[in-house]
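These notes are about the structure you will find just below.
The values are calculated or read from the model by the stated rules, or taken from the named source; none is laboratory data. Being a predicted model, the structure only gives us computed values, none of them experimental. Glycine also receives a Cβ, built like all others from the backbone with ideal geometry; neighbour counts cover every protein chain displayed. Note: accessible area is taken over every heavy atom of the protein model, side chains too, but ligands, DNA and RNA are not part of it. Shrake-Rupley method; radii C 1.70, N 1.55, O 1.52, S 1.80 Å.
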Amino acid sequence: MNKTILILKSELITTLKRKGFFITTLAIPLLGLLAILIFHLVSNLTQSTPAETIRIGYVDQTGIFTQYTAQGNIELVPYSTPEEAKAALLAKDIRDYLVIPQDYLAGGFITRYSLKTDIEVPSGIRSAISSFLVSNLLRDKVDPAVASRIMYPLALASFTLDQSGHVVEGRGGYGTWLISYLFSILLLISIFTASGYLLQGLSEEKENRIMEILLSSVSTRELITGKVLGLGIAGLVQMVIWLLYFWGLLHLASGSIGGIFSGLQFPPSVMVLGVIYFILGYFLYAILMAGTGAIAPTVREGQQMSVFFSLLAAIPYFLITLILEGGDSLVNIVLTILPFTSPLTVMMRLWAGVPAWELGVSIAVLMLSIYGFLLLAARVFRIYLLMYGKTPSWREIIRSLRQA
Amino acid sequence: MQTVEVENVTKTYGSRTVVDRVSFSTASREIFGLIGPNGAGKTTCIRMIMDIIKPDAGEVRLFGQKFTGELKRQIGYLPEERGLYRKRPIVESMVYLATLKGMTAAEARKKAESWLERVNLQAHRHKKIEELSHGMAQIIQFLVTILHEPRVIILDEPFNGLDPVNVRMVKDIILELKEEGRTIMLSTHRMNEVEELCDRIFMINRGQQVLYGDLDEIKSRFRKNSVLLECQGDPGEIVGVRIRRLNSTTLELSLDGDITPQQLLETLVARRIVINRFEVATPSLNDIFIQIAGGRK
């Protein structure tokens, strides 16, 4: 059997048998399922038990605020004096109480007293108090419908149109943001799981001194190709499993959760480009990791050195808001074309659409970079694969690469 | 038949020439010693023979051919820096590494089981290498080198970490392999083992050849014209002989060109000296090694 295939097979089987790989591959979809189950349980629980009424006391020194005391599950209870309200609070009849001073209309200041220490007033209570105040202030002055609009002036529905002017389904909103984020995390985990195993494997073989035995049987090219392909297939298997789970979860989620996920599509282009960018991203980082594994004298040093590449790949995370809101901005174009950031950036942008030319340039640049780094890595392997002892400095690496 | 031919091979790293125009060859059914002090260039020579690194000049041929990937399966290599997959069962590591040398997995497994039985490690075959003693791991490593039945076996310090019993066992296997017609290239610092096992040697120092040829011929070349004598009484002064006491029982008698050991013996017998030991002094390989390596440092 071809030696490259033998190494590929060995790496693939060893990786698939790793407990860590097995657990990661299954754990992520299971966590998704668990999240949906918890959501179901919580929502069923909240639906079956009516919301508890929260009583908020108030002392109105203006005489304006006499009606609209029922605000959803919050009931505003009037008291004549602050002392009375305080006694009710201490007796735990009410959760908080407010004092609306006589000059409220001049400054809008209201004092709140509570036995609880909140970082800020809970949004439900704040919203109920606002609604109670506005309703009373506008009472008999404007039409109730107008009053309602003053309180809730915006119910925005956004639509994205394609070039022909048709509404594109399933884009925009928190669902898209969340899915872009999750999907890119999966891609990153998958790329770095596989390339991390490559780094670990090479460093171990170097540290355990098996490298020389291997190189007495196979060429450097056969060794690296076998390893990169074997681990790449393992990573691809993981990625495809996640994509399929993800697709299933999305259907389950949009059906059961609705809300931010409702109507969200999982277009085949995401699946196809996900696989393409996984393969290219994996090859790029696998080659960089393999080079690192060849240079580092121990597994630990190899892992320390590889942090640089992980940070490089994670740049799009730091800029996620900019990327998702950026459309065709310069930042997005640069991050889409830069080979180190393109796999993640494209995954983040894909849900909102990426121009075809950007995808074309991005894939071409990635492929060229892979080729370039492969040539460089071949030199690194020749020099460092059998060099034990101390970690060379960057200056030494550059000098030896020039001499090779 | 010549098996490995190294011809005018040079390797340079930066400004340092590690191997300088080195030439030697090995034959089948031969144990060939590649010796030299630390940092002399032995491992670089071996790595070039194995095609792990390329020479800057010169050529390495195996069985008369330029090196190809296909020829790798004809060589077994036990490197000085050695190790195996720590977490894999022994037999699996042996089979995997033998398949990389071109054996089928089934054949490799059969051979591995047979060798493990021969070295009394059959009971450990499913253990991981990290569970074995250092000596046992060394034996496994040696078996990995010969499992695929290579025609040329390169052993770099094969006796390191072995107890005397295992050293004897490995030596016996090496001698058997030689009898089967294989070439064994032995690189070691242990000169007594080179003397015991090798037919020919190549000594390298600072990247250059310093000795090459038949071991007996080299030893006779370095033979001093002297005799070691243990006798009762004083032999007295003998013309053309300088006498030096080495210890309480042994004298070293250095002969000038006009007297042979045979004539000296006759003189001693004529003087009625009772002789307990009369030995024409031959330098050990260790003496030659120290003389050459020490002298050139």
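Descriptive notes on the structure:
- For the condition under 19 Å from the mean Cα position of the chain (by Cα), at pLDDT below 85 and either open to solvent by less than 10 Å² (accessible area, probe 1.4 Å) or more than 14 Å from chain B (Cβ to nearest Cβ) (or both), A:Ser254 qualifies.
- Picking from residues in segment B:266-290 that are among the basic types (Lys, Arg) and not in a strand (DSSP E or B), the one that is surrounded by the most Cβ atoms within 10 Å (Cβ to Cβ) is B:Arg271.
- Residue match in segment B:40-49 (condition: away from chain A (no Cβ under 14 Å) and outside any helix (DSSP H, G or I)): yes
- B:Glu157 under 16 Å from the mean Cα position of the chain (by Cα) and on the phi > 0 side of the Ramachandran plot: yes
- The criterion of being within 14 Å of another protein chain (Cβ to nearest Cβ) and within 20 Å of A:Lys9 (Cα to Cα) does not hold for B:Ala137.
- For first residues located in segment A:123-137 and over 12 Å from A:Thr69 (Cβ atoms), partners that are open to solvent by 20 Å² or more (accessible area, probe 1.4 Å) and part of a helix (DSSP H, G or I) and lie 6+ apart or on another chain with Cβ distances below 8 Å form the pairs A:Ser130/A:Met151; A:Val134/A:Ile150; A:Val134/A:Met151.
- Test: A:Leu401 is surrounded by 16 or more Cβ atoms within 10 Å (Cβ to Cβ), within 14 Å of chain B (Cβ to nearest Cβ) and at pLDDT below 75: no
- Checked against (1) surrounded by 19 or more Cβ atoms within 10 Å (Cβ to Cβ); (2) assigned to a helix (DSSP H, G or I); (3) within 9 Å of another protein chain (Cβ to nearest Cβ), B:Ile52 passes all but a single condition, namely (2).
- Within segment A:315-324, the presence of a residue that is surrounded by fewer than 18 Cβ atoms within 10 Å (Cβ to Cβ), within 24 Å of A:Ile397 (Cα to Cα), without any contact (Cβ under 8 Å) to a residue 40 or more places away in the chain and under 22 Å from the mean Cα position of the chain (by Cα) is excluded.
- One residue stands out in segment B:8-38 among those that are at pLDDT below 90 and more than 14 Å from every other protein chain (Cβ to nearest Cβ): the one that is nearest to the chain's Cα centre (by Cα), namely B:Gly36.
- The one condition in (1) away from chain A (no Cβ under 13 Å); (2) over 29 Å from B:Arg190 (Cα atoms) that B:Arg118 fails to fulfil: (2)
- Pick from segment A:30-72, criterion modelled with pLDDT under 75 and surrounded by 12 or more Cβ atoms within 10 Å (Cβ to Cβ), ranking: nearest to A:Ser123 (Cα to Cα): A:Ser43
- Qualifying residue in segment A:381-389 (condition: small (Gly, Ala, Ser) and within 14 Å of another protein chain (Cβ to nearest Cβ)): yes
- Residue ranges of helices (runs of 4 or more DSSP H) in segment A:1-116 with at least 2 members within 14 Å of chain B (Cβ to nearest Cβ) and among the hydroxyl-bearing types (Ser, Thr, Tyr): A:3-17
- Unique residue being outside any strand (DSSP E or B) and either in contact with a Pro (Cβ under 9 Å, 6 or more places away or on another chain) or not assigned by TED's automatic domain parsing to the domain that holds B:Met191 (or both) when the list is B:Arg109, B:Arg86, B:Arg82, B:Arg73: B:Arg73
- Lone unmet requirement of (1) surrounded by 24 or more Cβ atoms within 10 Å (Cβ to Cβ); (2) free of Cβ contacts under 8 Å to residues at least 60 places away in the same chain for A:Ala290: (2)
- Taking the conditions (1) in a helix (DSSP H, G or I); (2) among the hydrophobic types (A, V, I, L, M, F, W, C); (3) modelled with pLDDT under 80 in turn, A:Leu156 satisfies each one other than (1).
- Residues of segment A:212-234 classified as more than 9 Å from every other protein chain (Cβ to nearest Cβ) and modelled with pLDDT of 85 or more, total: 12
- Residues of segment B:95-115 classified as in contact (Cβ under 8 Å) with a residue 12 or more places away in the chain and more than 14 Å from every other protein chain (Cβ to nearest Cβ), total: 5
- Residue that is modelled with the highest pLDDT, among those in segment B:67-90 that are farther than 20 Å from A:Arg209 by Cβ and more than 9 Å from chain A (Cβ to nearest Cβ): B:Gln74
- Segment B:142-151, subset in contact with a helix residue (DSSP H, G or I) (Cβ under 8 Å, 6 or more places away or on another chain) and within 11 Å of chain A (Cβ to nearest Cβ), residue least open to solvent (accessible area, probe 1.4 Å): B:Pro150
- Among strands (runs of 3 or more DSSP E) entirely within segment B:160-265, having at least 2 residues that are open to solvent by 40 Å² or more (accessible area, probe 1.4 Å) and in the same structural domain as B:Glu81 (by TED's automatic domain parsing) singles out B:208-214.
- Sub-9 Å Cβ pairs linking a first residue in segment A:105-118 that is loosely packed, with under 10 Cβ neighbours inside 10 Å to a second residue that is of a type outside the set (A, V, I, L, M, F, W, C), at least 6 apart or interchain, are A:Gly107/A:Pro101; A:Lys116/A:Arg95; A:Lys116/A:Asp96, ordered by first then second residue.
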